[in-house]
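Once you've had a glance at the structure underneath, I'll fire off some questions.
The values are calculated or read from the model by the stated rules, or taken from the named source; none is laboratory data. Values in this document were obtained by computation on a predicted structure and should not be read as measured data. Cβ: placed from backbone, ideal geometry, glycine included. Neighbour counts: every protein chain shown.
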Amino acid sequence: MFQVKKLVPHAVVPKRATEGSAGLDISSSVDATVPPGKWCAISTGISIMVPKDCYARIAPRSGLTFKYGIQVGAGVVDSDYTGEIKVILFNHGAYDFTIKAGDRIAQLIFERIFTNELQEVEELVKTERGAGGFGSTGN
């Protein structure tokens with residue numbers, strides 16, 4: 001369970017669109033326009049308390065990406081952050097993207113994290129793959 005606080009009276013509490021939805025839809029608390037080729041940080045009017053062994057990922061809504069070319073950026077909410085959740089929207093489309101207060105703009109997905117001590121070493125253990133990346137394991 002996590003806690004949510006409305007920072008403005010008209011803020012929308014995040015909720016799942018369906019029982020099987022991985023994320024909770026989060027909504028804008030303001031009217032805004034994101035011009036083509038630009039980005040904007042959109043206020044949600046909420047803050048949340050994320051469980052200690054988790055973080056919340058702000059993810060795009062597939063419909064906004066497919067229909068309008070809208071992407072979400074910088075989407076990690078740490079468990080010790082209690083400020084307002086803002087959503088950075090990038091407009092890769094050809095037209096202004098207009099948002100009204102109450103519109104669903106992204107989704108919040110909670111994920112468990114593994115934290116461990118970091119150890120600096122001179123060499124890493126050799127593996128079959130090694131430093132191969134970007135398609136090095138085949139098509």
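Based on what the data block shows, is Gly132 touching a strand residue (DSSP E or B) at 6+ places or on another chain (Cβ under 6 Å) and modelled with pLDDT under 95?
For Gly132, the condition - touching a strand residue (DSSP E or B) at 6+ places or on another chain (Cβ under 6 Å) and modelled with pLDDT under 95 - is not met.
Among the residues of segment 1-12, write down those that are within 23 Å of Glu111 (Cβ to Cβ) and either hydroxyl-bearing (Ser, Thr, Tyr) or surrounded by fewer than 13 Cβ atoms within 10 Å (Cβ to Cβ) (or both).
Listed by number, the residues that qualify are Met1, Gln3.
Given the condition over 26 Å from Gly75 (Cα atoms) and either charged (D, E, K, R) or touching a residue at least 60 places away in the same chain (Cβ under 8 Å) (or both), answer yes or no: does some residue in segment 96-115 qualify?
no
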